[in-house]
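*Asks:* To start, I am sharing the structure in question, which I have written as C-alpha cells.
Bear in mind that the values in this text are calculations on the coordinates, not laboratory data. Since the structure is predicted, the reported quantities are computational estimates derived from the model, not experimental observations. Cβ atoms come from the backbone with ideal geometry, glycine included; neighbour counts cover every protein chain shown.
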Amino acid sequence: MGVFRSTVTGLAFGVLCGAAPLSGALAAVPPLVTPDINDILPAASARIVLRTLGVLMNYRAYQGAAPRGITGFDFGLEATLVHLPSNFSSAMSGGSASGGDASSAAGALPSLKLQLHKGLGPKADIGISGLYLRGSYLWGGGLKFTLFEPPEGPSWAARASYSECKITTSSIGMGGVPIPIEGVNAGTADLDVRTRTVSLQVLSSKAFDFAEPYLGLGADWVTGQIEIPVTITVLGEARSQTLVTRAYQAYQFQAFTGVSFRIVPVGIRIAMEGSYSTAGMHTLGTVVGFSF
C-alpha cells in the first residue's frame, strides 16, 4: 500500500509555521499547520472519486438470465475498461479546472479480476470475484435468481451483488491530488480509497446451444471514505498525520448488453459485454475461462 506523502522543506518553514527569523541558536520548532482536507479534496470531488472507483471495481457476472444448474461451474479471468466521467480529472486536481496530474486525465481505467460461478439449483446461481495486488484489494459476490424460463422465448432473472475495495490511487497508475497549505502548494498526495458497492439488476436472455445473448438494466449505490496520510518535514523533523473524509454516497444507473459463448466440447467460455452509464462511466469488458 502506498503512503501519501507531501514534503515541505525548511525553505517553506516560514510560510507554513509563521516562524520568526532565526538568529544565533536554532529556535524551537512550533506546531505545524494542519492541512484542511476540504482544501485538498472538497466534498463534491470526494464523492466523484468514490463513485468512480466503486463502479470501476464493482462485481460483474458477464452472464445471462438462464440458470447454470446444480452441476454448472465457471471459472475465468475478467478484464473491464471503464470510461472515466468528464468531471473526474477536475476532482483529482482538488476541484480546480486545471492543474491535475496527467495520469488523472486518462480517458479510461482498467480493472482485472478472477471470477468463479456455481449453480445452486434449477433457479439460482452464485458468483464471486476478486484480486489482491500490492496491498490493494477488491472482492465481490452476486446471487442471481431466474424468475421466468419459458420453453420458448427469453428467460428473465434478477441479480443482487455486493463489492468492496481498498485501493491506493498510485497502484492503478493514477496521480495524486495537490496539497495546498496556507496558499503554498506543498506537493501531492495519493488517495487511499475504501468503497462498498451494492448493485441490483434485471436481465433477460435467450440461451442457445453455443451462445446466450442478454441485456439488462441496473443500479449501483456506492458508499465509502478516503484517507490521505500526509508526512510534512520541516528543518529535518518529520510529522505524520492521516486525514479522513466523512462517509459519502453516490449512485448511477446503467443499461448493458452482452453475449456469453460456451464451447462445450472443450469447456471454454468467452463472454463480452458493454454498458451505458448515466454517470458517464460506460464499460467494455470480457471474460475468458472454463465452463463445465
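*Asks:* Express in nm, to one decimal, how much length is gained between VAL266 and LEU116 on full extension, taking 0.36 nm for each residue of separation and deducting their alpha carbon distance.
*Replies:* Full-extension gain reported as 52.2 nm.
*Asks:* Taking R0 as 22 Å, what FRET efficiency do you get between VAL288 and ALA160 from their Cβ-Cβ distance, rounded to the nearest 0.05?
*Replies:* Numbers: r = 25 Å, r/R0 = 1.16.
For R0 = 22 Å, the calculated efficiency reads 0.30.
*Asks:* Let me ask something additional. Please enumerate, by chain and number, the aspartates and glutamates with C-alpha under 18 Å from the C-alpha of LYS144, excluding those fewer than 8 residues away in the same chain.
*Replies:* Within reach: ASP74, ASP125, GLU212, ASP220, GLU273.
*Asks:* Calculate the spin-label point distance for GLN241 paired with THR278, positioning each point 7 Å from the Cα along the beta-carbon direction, and give it in nanometres.
*Replies:* 3.9
*Asks:* Roughly how many nanometres apart are two label points built 7 Å out from the Cα toward the Cβ at LYS123 and ASN38?
*Replies:* 5.2
*Asks:* Using the basic label-point model (7 angstrom from Cα toward the beta carbon), what is the VAL184 to LEU81 distance in nanometres?
*Replies:* Calculated label separation equals 4.4 nm.
*Asks:* Please find the FRET efficiency linking PHE73 to SER171, where r is the Cβ-Cβ separation and R0 is fixed at 22 Å, and quote it to the nearest 0.05.
*Replies:* 0.10
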